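Notes to accompany the following structure.
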Amino acid sequence: MTNNFQERANNFFNQGIEQVQAGQLQAALQCWQEALRLYQLYDDRQSEAITLLNLGNACRDLNQYPQAIEFSEQALSIFRYSSELQGETNALMLIGSIRYNSHQWRAAIEYYQQALRLVQLLSDRDTESHALTSIGNAYVNLKQFQQALASYQQALPIFRSRGDRQGEANVLQYQGTAYYSFGQLQKAIECYQQALLLYQAIGEYAESAKVLTNLGNAFVNIHQFQQAIDYYQQAIFIFQQIGASHAAASVLANLGMAYLNVNQFQQAVESYRAAIPIFEHFGNFQSLVLCCEQALPIHQQLGDRLGEANTLICQGWAYNNLSQYARAIECYQKALPILRVLKLRCEEGTALNRLGIAYDNIGQYQQAIDFYQQALPVFQEIDAQRDVAFVLTNLGIVHDNLKCYQQAIEFYQQALQIEKQVGTRQGEASVLINLGVPYRRLAQFQQALACYLEALPMVQQMCNKREEAIVLTNLGNVYLDLKQPLLSVEYYQKALPNISRNWRWPVVRDGAK
């Protein structure tokens, strides 16, 4: 290779490293692919193999596993051909990690074991300890706990001999989990307690909180509930301090169950009450359902009718988001009479609105309309204008589903007027998005276009990628209707990067929480 080409290739290679350090993996891939082309062109096999390894690492971190395997196996072949044992080891470890991330546990073990044999020849104790740990983790995923423990027990003294307290703590935590998984709870506790001391010594707060949670779980299983409560409380405090609120919610749910086991019902219900809004915020509806199921009988036992009704509403919303609409309806219908007895009009309106949403989701549009029309005067009576707008929007959606487009437009326009007066940009944009739909169905394309063009800067300003994709797609549709295909394609192309297959359209609006 001439010096000029060598320099160009090396520059691309080094740029790739800089891009990785800046967190720009896609840009790094492009640099390394150009470096690879040049190294291959001038037959620099050593540099080619190293570049292939870097490409494999980047693709793995981007979850592009087939490409990662392809690059890594090419690197492995070159290292083997040149008898470069350290490079071969690195390639084997990389392929093992890719197989592991792809949940191909047995294949991962095979590659790690090949790497293990080489590092033992090379006396590379660092890589040996990580290979043994990775083999143990793969065996845990295969539920082969004895084999996992055998690997961990080989890794542990290596970490200790090298003074690697992070690695030692990790292996002790993994050992604890393996022991826990096949019922050796006392040994699990011993491992977790050793890991905890190490994590605390090196300031690993997140891992400390995980181990504290695991200790709580272990003590629950040996019916030492007060100790479990102590560990859970420590874990919750740390998770809250480091901003890991979702993890804190999971431990709060566990804490509630521990309190139940010692008949501390008020503390149990307070734990569940703290966990429920966090699960709802993060959209973890399965955990939300479980939490509500545990909290509900406590509210009933304590005679807490308000807590019972609010839990039923929350549980119903979780079921709605899990597409279990019959269960959602059942929860709301149980909550309604309680709310009416307690004269809680806002919560009553919420339950009625959500009943409408559930019936809308199963295509029973007349029942949906009935409940929306019951919710509307409730919110109007208490002057809850935002909630009035929510219900009017939902009435627009259900009439759109019934192909009653003019009525849908009227409901949306009423909602839009309220949103402009007392609402938010988010609410206004959502109504505009929905309003464009019946206009388009009535071939009133200019009105539809006006709605979407008005909504677009709002959703862009809020960085709402979901609704931005909806608006851009709908603009593409309208321009297609107007026989302007070039503009249509332009908007479709803008929409593509923001589209997720998991989004549900249109936007059904909820009322007060």
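A short reminder: the numbers here are calculations on the coordinates, not readings from a lab. None of these values were measured; they are calculated from a predicted model. Note that we place each Cβ from the backbone using ideal geometry, even for glycine, and neighbour counts take in every protein chain shown.
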Under the Karplus relation with 6.51, -1.76 and 1.60 and θ = phi - 60°, whole-Hz ³J(HN,Hα) for the stretch 321-334, x at Gly and Pro, equal 6, 8, 6, 9, 6, 4, 5, 4, 4, 4, 4, 5, 5, 6
Of every Cα-Cα pair in the chain, the percentage lying beyond 34 Å is 57
The simple spin-label model distance between E7 and S245, using points 7 Å out along Cα→Cβ, in nm, is 5.5
Applied in sequence order to the stretch 222-238, the curve 6.51 cos²θ - 1.76 cosθ + 1.60 (Karplus, θ = phi - 60°) yields integer Hz couplings, x standing for Gly and Pro, of 9, 6, 9, 6, 5, 5, 4, 4, 4, 5, 4, 5, 5, 5, 4, 4, 5
At q = 0.12, 0.24, 0.25 1/Å the base-10 log of I(q)/I(0) from the Debye formula over the alpha-carbon atoms of the stretch 229-316 is -0.32, -1.15, -1.22
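What ratio of Cα Rg to 2.2 N^0.38 Å holds for the stretch 1-148? Walk me through the intermediate numbers first.
Details: Rg = 16.2 Å, N = 148, 2.2 N^0.38 = 14.7 Å.
Computed over Cα atoms of the stretch 1-148, the ratio equals 1.10.
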For the table K334/K420; K343/K420; K420/K483; K187/K210; K403/K483, the rows whose alpha-carbon distance is greater than 27 Å are K334/K420; K343/K420; K420/K483
Taking the dipole of the chain about the Cα centre (Lys, Arg +1; Asp, Glu -1; charges at Cβ), the one of M458, T51, A375 that reaches farthest to the positive side is A375
note: the stretch 399-513, Cα-Cα separations exceeding 25 Å make up a percent value of 18
Expressed in angstrom and rounded, the centroid-to-centroid distance over alpha carbons for the stretch 357-378 and the stretch 97-173 is 57
Farthest towards the positive end of the dipole of the chain, among I338, Q113, L197 and with Cβ unit charges of +1 on Lys and Arg and -1 on Asp and Glu, lies the Cα of I338
Between Q21 and Y42, the two model label points (7 Å from Cα along the beta-carbon direction) sit apart by a distance in nm of 2.4
In this structure, the FRET efficiency calculated for K343 and Q373 from their beta-carbon separation, with R0 = 30 Å, to the nearest 0.05, is 0.90
In debye to the nearest 20, the charge dipole size for the chain, taken about the Cα centre with +1 at each Lys and Arg Cβ and -1 at each Asp and Glu Cβ, equals 700
In whole angstrom, the spacing between the Cα centers of the stretch 260-282 and the stretch 312-332 equals 19
Loop-resident trypsin sites (Lys or Arg not before Pro) in the stretch 288-394 with no more than 15 other Cβ atoms inside 10 Å, DSSP not H/G/I/E/B, are K343
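Longest segment of the chain with no chymotrypsin sites (Phe, Trp or Tyr not before Pro) in a DSSP loop having at most 16 other Cβ atoms within 10 Å? Intermediate results must be reported in sequence, preceding the final value.
Values: sites that count: Y42, F182, W503.
By the stated rule (loop sites, at most 16 other Cβ atoms within 10 Å), 183-502.
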As straight-line cross-link partners of K494, the qualifying lysines (C-alpha separation under 17 Å, not fewer than 8 residues apart within one chain) are K465
Neighbour-count ranking for S245, S47, S161, S271 (other C-beta within 10 angstrom, fewest to most) reads S161, S245, S47, S271
Where a ≥ b ≥ c are root eigenvalues of the Cα gyration tensor, a/c under 1.5 meaning rounded, otherwise prolate if a/b exceeds b/c and oblate otherwise, the stretch 205-247 counts as prolate
Residues other than I158 with Cβ under 12 Å of its Cβ, Lys/Arg counted +1 and Asp/Glu -1, net out at -2
The size of the Cβ-based charge dipole (Lys, Arg +1; Asp, Glu -1) of the stretch 399-513 about the Cα centre, to the nearest 20 debye, is 280
Given the candidates N137, I409, I229, the one whose Cα lies deepest towards the positive end of the charge dipole of the chain, counting +1 at each Lys or Arg C-beta and -1 at each Asp or Glu C-beta, is I409
Expressed as a percent, the portion of alpha-carbon pairs in the stretch 284-385 spaced more than 24 Å apart is 21
Applied in sequence order to the stretch 112-121, the curve 6.51 cos²θ - 1.76 cosθ + 1.60 (Karplus, θ = phi - 60°) yields integer Hz couplings, x standing for Gly and Pro, of 4, 5, 4, 5, 4, 4, 6, 5, 5, 5
At R0 = 56 Å the Cβ-Cβ FRET efficiency linking Q193 and Q444, nearest 0.05, sits at 0.20
